[in-house]
1. For the range A:41-65, which residues satisfy the criterion of being part of a loop (DSSP other than H, G, I, E, B) and within 29 Å of A:L115 (Cα to Cα)?
2. Test B:E267 against the stated conditions and say whether it is surrounded by fewer than 19 Cβ atoms within 10 Å (Cβ to Cβ), assigned to a helix (DSSP H, G or I) and among the acidic types (D, E).
3. Quick check on the range B:272-297: of everything there that is assigned to a helix (DSSP H, G or I) and at the interface with chain A (Cβ under 8 Å from one of its Cβ atoms), which residue is farthest from A:M255 (Cα to Cα)?
4. Conditions first: (1) buried (at least 18 other Cβ atoms within 10 Å of the Cβ); (2) on the phi > 0 side of the Ramachandran plot; (3) out of contact with any Phe, Trp or Tyr (no Cβ under 8 Å at 6 or more places or on another chain). A:G81 passes all but one, so which condition is the exception?
5. With the requirement that a residue be in contact with a strand residue (DSSP E or B) (Cβ under 6 Å, 6 or more places away or on another chain) and over 16 Å from B:L133 (Cα atoms), what does the range B:255-284 give you?
6. Need the failing condition index for A:G173 against (1) part of a loop (DSSP other than H, G, I, E, B); (2) touching a Leu at 6+ places or on another chain (Cβ under 6 Å), just the number.
7. Going through the range B:237-252 one residue at a time, which ones are in contact (Cβ under 8 Å) with a residue 60 or more places away in the chain and open to solvent by 20 Å² or more (accessible area, probe 1.4 Å)?
Protein chains: 2
Amino acid sequence: MSEAKPRQRLSDEQRFDWLRLIRSENVGPRTFRALINQFAGARAALEALPELARKGGARRPLRIAGADEVEREMNAARRAGVRYIALGEAEYPPLLRQIDTAPPILCVRGREEALQQPAVAIVGSRNASAAGLAFADRLARGLGESGYVVVSGLARGIDMRAHQSSLATGAVGVLAGGHAKPYPPEALGLIPRIVEFGAVVSEMPLDWEPRGRDFPRRNRIVSGLSLGVIVVEAARGSGSLITARFALDQSREVMAAPGSPLDPRAEGTNDLLREGAKICARVEDAVSLFDELRDQRTYEDLSETREPAEEPLWSEQALFGVDPDKTPKALIGDQFDEPGGEDYEVKDGSIVARIADLMGPSPISLDELARMAELDVGKVRIALIELDLAGRIEHSGGDRVALLSAEEPN
Amino acid sequence: MSEAKPRQRLSDEQRFDWLRLIRSENVGPRTFRALINQFAGARAALEALPELARKGGARRPLRIAGADEVEREMNAARRAGVRYIALGEAEYPPLLRQIDTAPPILCVRGREEALQQPAVAIVGSRNASAAGLAFADRLARGLGESGYVVVSGLARGIDMRAHQSSLATGAVGVLAGGHAKPYPPEALGLIPRIVEFGAVVSEMPLDWEPRGRDFPRRNRIVSGLSLGVIVVEAARGSGSLITARFALDQSREVMAAPGSPLDPRAEGTNDLLREGAKICARVEDAVSLFDELRDQRTYEDLSETREPAEEPLWSEQALFGVDPDKTPKALIGDQFDEPGGEDYEVKDGSIVARIADLMGPSPISLDELARMAELDVGKVRIALIELDLAGRIEHSGGDRVALLSAEEPN
């Protein structure tokens, strides 16, 4: 075992600011990261938000999470036994830390240690067959006995069976909404039992009622926590396939249980096999694959040495403090009116307009945009933050972005 | 379409001699080929057989098929509408021609043209599930509609369903025994219907009652006739997996239909998928794969240009006549006592003994043997023919051979 590096910890004030920032309108994990990296701290980013959104073309003021609102959430969380773990802290799940859209704050109920163990996700149909449920049970037990935490999405059918069968060895459930609004109702009895030996996590505000689009979003955390995803029964177009897609994007393993060509519940998994997923027809298929992954290096090492994201997720400085030589205000000024290096004048507002003109419904990368706009990458990045906060941007994997057609520039 | 090359045809006398040779004891397709290549014709090989077997260490005279016996078979075949097609003749199935152990004589009932069309084998469990049978039906119809002849082994279950569902478009059945002893009884009603638009083939004597070991042997012809084999439901250790193994050895495609991890009838096919077989969960999976293969070049071309066997199957000369300058007798003498090139004397009997001494239960190649024995390959090849005819050799893929332990040298 390699020795875990000591990691820093947010101060109470920083954690409060982080929560306010991520709970603010149009601030997703990617925008959060861009803001923190740009403004060297959440407090400065919060201060800059209104102006950034205005420059990005927002038609009305951005809704910034109020201090009172966040304080209420934190108090309720404390009473409910929910802790906030920030990206970069030692307790943050090591594999989840590596994904592009890692939640800046993870809300955790249960045993945080479960989030440090090697984990495998088992997901599948809500209306599973008896055979599918039996196989999910067999898989979850086998993986649990082999030292894996089993992750799933708390849905009916395969997910719930995977949780039930891994209660004793360590289960991790991921909510689509907040901890105070568990869904579906069938999961209500299960959650306290998961919390006993495992953990239930959410990235949403405590009292967030999950809506349709929150479920696919949740699935990236299911795969992000895991070395790989095993799909047991999935119809075409089902949510489990979204989890598999996330796993691929995150360079995680994808396994699929085969099924009869005549069974619609197997169409999705058979499609996955056709596309190159590894077959999981025996518990040993999964255990041997993940043991190999785990044995290649220790789990700690794995989280440290896997292919890094294109840019560092956070500079230690941006994460945990503000460089005294670069106050946020100075930074904003610098970036918008960088001295020298450019042979023509660029006014603040014109950059956003120029970038927006160059964008369309097809995703384009930051570098391409900078080249086309003949601007340096730093300027384009800020323009994108502004457009993003104004709700005019759609992210699509890596650093590619598209302009949302509904929102026309002012 | 490339123009088919005109091929030669055996004379009646040659066909008669070929049949006698292949019907003689210890003469399988490989030995037949070695003999024809060595003696430049079946007649000369027949004459040499007794002496070769004696030198190989046979304890009793080799049973050579009698002229009367072969004449009886040919007469009965004529009455039953069975024709003998020899390897190298235009009517011989082009893909089957390419395999190492192609039957020298194929006994055919039905429409020979069906053996010239692109073919795909569908095989599987005898005790198939309703879903397995339904999928076999769907596959056979789909492949038939796309212009493929469907090949199978006339067994109960999947095989028979594949035949039934391809009757109208072209079915080819391969018998494990002779045409006069069709097996299993359930196939009796089916065979005349296959013969109408397709063909039933066998390599065995007309009245050969199939025994256990004839079924796996038959399976190499099922795959050999086909661009690929699709396995629909197969338990572990079942005969369909032998067909898949043959297909791999013959560089043919192997597809497998997936099945539930809890269904024992799917264990074999799921194993195949694990080992790299292509998934066949839709008719389009098969049609698109084989259409691509077929489209790469015309069917005729495919049979001509695929990777050739290590040595040419037959020289045209050996196939269809004897070089007047090399009478069989002269050839035998030449090979056993080649003038020059060797710096020590080798007596006839001593070569076989030396080769047998060098061999054991582990397969070894001809080239290795020649190197170890410090003899040229031609001499070793003849010694192997002799050992083979004496029943002392086991072949195991390519040109590798092992000594059978039961038979000790005299």
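The values are calculated or read from the model by the stated rules, or taken from the named source; none is laboratory data. Predicted model only: the values in this text are computed from it and were never measured. Virtual Cβ from ideal backbone geometry, glycine too; neighbours counted across all protein chains shown. For the accessible areas, the whole protein counts, side chains as well, though only heavy atoms, and no ligand, DNA or RNA atoms are used. Shrake-Rupley method; radii C 1.70, N 1.55, O 1.52, S 1.80 Å.
1. As a first pass, look at the range A:41-65 and keep what is part of a loop (DSSP other than H, G, I, E, B): A:41, A:57-65.
Matches in the range A:41-65: A:G41, A:A65.
2. Working: surrounded by fewer than 19 Cβ atoms within 10 Å (Cβ to Cβ): no; assigned to a helix (DSSP H, G or I): yes; among the acidic types (D, E): yes.
For B:E267, the condition - surrounded by fewer than 19 Cβ atoms within 10 Å (Cβ to Cβ), assigned to a helix (DSSP H, G or I) and among the acidic types (D, E) - is not met.
3. So the first thing to find is which residues in the range B:272-297 are assigned to a helix (DSSP H, G or I), and the list is B:272-274, B:283-296.
Filter once more, so that each one left must be at the interface with chain A (Cβ under 8 Å from one of its Cβ atoms): B:273-274, B:285.
Details: B:L273: 13, B:R274: 11, B:D285: 20 Å.
Ranking the candidates gives B:D285 first.
4. The number of the failed condition is (1).
5. Result: B:M255, B:L272, B:L273, B:R274, B:A277, B:K278.
6. With respect to (1) part of a loop (DSSP other than H, G, I, E, B); (2) touching a Leu at 6+ places or on another chain (Cβ under 6 Å), A:G173 is out only on (1).
7. Result: B:S238, B:G239, B:D249, B:Q250.
Table: residues versus (1) open to solvent by less than 20 Å² (accessible area, probe 1.4 Å); (2) in contact with a Ser or Thr (Cβ under 9 Å, 6 or more places away or on another chain); (3) within 14 Å of chain A (Cβ to nearest Cβ).
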| position | (1), (2), (3) |
| --- | --- |
| B:P184 | yes, no, no |
| B:L188 | no, no, no |
| B:E209 | no, no, no |
| B:A235 | no, yes, yes |
